[in-house]
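To start, the structure under review is shown below, and the notes come after it.
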Amino acid sequence: MTELSLSQVTRRYGDVAAIDNINLGVAEGEFLTLLGPSGCGKSTTLAAIAGLDRPTTGRIALGDRELFNADEAIFLPPEARGFGVVFQSYALWPHLTVHNNVAMPLKLRRMPADQRKKRIAEALELVGLSAFASRYPGELSGGQQQRVALARAIVFRPPILLLDEPLSNLDAQLRQQARVWLKDIQRELGITTIYVTHDQDEALAMSDRIVVMRGGKIVQLGTPEQVYGAPLHPFSASFIGNANLVEVEGEQGVQGDGCIVKLADGQILRGHAPGDRLSSGQQLLSIRPHKISSAPLAGASEIKVEFGTESYLGDHFEQQVTVAGSTLRLTLETPVAHGPGSIWIKPEDAAVFSNE
Ligand code: ADP
């Protein structure tokens, strides 16, 4: 299996590391997403893979073929790597028809005209634009231009497809459709794909695995179910799926991965510690809004709170409660009357992390 691997890849700009010691293996045919807030190093990682940027240290290889090795002064330029790339700005040639835009990578590779014609027809068919071959980019919608950019990136059958926020210029509804469409094409082609986004929904919906990044480092790498359901870091918990984070005191120690923590007002809660082993003292408690119950639950800790403002969100309510000086958000089918009350949280839904 041809695996793309990044080993100890760092890119420094002066004293600042845009990416810092990235280690990553991408399996053949995998859809891997780099997810994180703006400035966390996603595009720098992608540019290093594409050969559009030269890292400061490390090694990048496709199978046993080295694309970059800082120690050996190996650096293959983008054209020698031959990966398909789609950026947020589609960068189509405005003076060329759709057909000729898609033809360009094949012309550069000196493919004979008859073969070229067949490949272009296949690529346009795949992206659903066969009828638009003779139009110019200016005569297409944003979504259609995006499809042309994708056709151009896959027409020469690259081993790897690199996509940097390719859907971010589309409106919300089109974006949702494009996700499904893009994922279907990726599956049909079985092409190894690395996808950059800051949109957690997009990452969860499309990826085989997600790399959660922060400050140039990998925070967590796992399947969508793992990074959403079992975050190993409070950053994953809050960035993916809106967790409530509360500072707690963890003085009562750890049993297995279960633990007992104390809120600032002295109330006790049972949780679990999915990350590193906890030290005593200040810790962070993370709870998903939909995992907090306003009715008693077997095995759950009861916490006295003050119910506050609710917002109607169409298919559910979101309500705020305050406890020990912190505000938590709950999702509820029906809001609870304002004032004192209780919430219930199960230990498996109360993740406790070391407070950095
Ligand atoms: P992302 O794609 O996650 O938004 P980037 O990879 O673009 O993040 O950037 C990571 C960090 O590196 C940011 O802090 C950014 O300011 C910095 N950076 C990126 N490119 C340059 C550059 N050419 N010169 C200096 N700093 C840069």
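The values are calculated or read from the model by the stated rules, or taken from the named source; none is laboratory data. Only a predicted model underlies this, so the values are computations on that prediction, with no experimental measurement involved. Quick reminder, even Gly has a Cβ in these numbers, built from the backbone with ideal geometry, and neighbours come from all protein chains shown. We work out accessible area using only protein heavy atoms, side chains counted, and drop any ligands, DNA or RNA first. Shrake-Rupley method; radii C 1.70, N 1.55, O 1.52, S 1.80 Å.
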Within the range 58-67, of all residues that are aliphatic (A, V, I, L, M), in contact (Cβ under 8 Å) with a residue 24 or more places away in the chain and more than 16 Å from the ligand (Cβ to nearest atom), the one least open to solvent (accessible area, probe 1.4 Å) is 61
All-but-one check, residue 135 against (1) within 22 Å of residue 34 (Cα to Cα); (2) without any contact (Cβ under 8 Å) to a residue 40 or more places away in the chain; (3) among the basic types (Lys, Arg), failing number (1)
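Can you tell me which residues in the range 1-23 are within 14 Å of residue 61 (Cβ to Cβ) and crowded, with 19+ Cβ neighbours inside 10 Å? Spell out how you get there, then give the answer.
Taking the range 1-23 and keeping what is within 14 Å of residue 61 (Cβ to Cβ), we get 1-9, 22-23.
Residues satisfying the conditions are 4, 6, 9, 22.
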Considering the range 24-51, residues that are of a type in the set (Ser, Thr, Tyr) and either open to solvent by 50 Å² or more (accessible area, probe 1.4 Å) or more than 13 Å from residue 216 (Cβ to Cβ) (or both), and then whichever is farthest from the ligand (Cβ to nearest atom), we arrive at 33
Of the candidates 20, 71, 15, the one satisfying the condition of being more than 15 Å from residue 162 (Cβ to Cβ), of a type in the set (D, E, K, R) and away from the ligand (no atom under 16 Å from the Cβ) is 71
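Please pick out the residue among 55, 105, 77 that is in contact with a helix residue (DSSP H, G or I) (Cβ under 7 Å, 6 or more places away or on another chain), touching a residue at least 24 places away in the same chain (Cβ under 8 Å) and either more than 28 Å from residue 170 (Cα to Cα) or within 16 Å of the ligand (Cβ to nearest atom) (or both).
The unique qualifying residue is 55.
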Those strands (runs of 3 or more DSSP E) completely within the range 163-277 that have 1 or more residues that are open to solvent by 60 Å² or more (accessible area, probe 1.4 Å) and not basic (Lys, Arg) are 217-222, 244-249, 268-272
_residue 54 surrounded by 18 or more Cβ atoms within 10 Å (Cβ to Cβ) and of a type in the set (D, E, K, R)_ = no
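Restricting the search to the range 32-65, which residues are in a strand (DSSP E or B), of a type outside the set (A, V, I, L, M) and either within 15 Å of residue 194 (Cα to Cα) or touching a Lys or Arg at 6+ places or on another chain (Cβ under 7 Å) (or both)? Show your work before the answer.
From the range 32-65, those in a strand (DSSP E or B) are 32-35, 57-62, 65; that's our starting set.
Checking which are of a type outside the set (A, V, I, L, M) leaves us with 33, 57-59, 65.
Within the range 32-65, 33 is the sole residue that qualifies.
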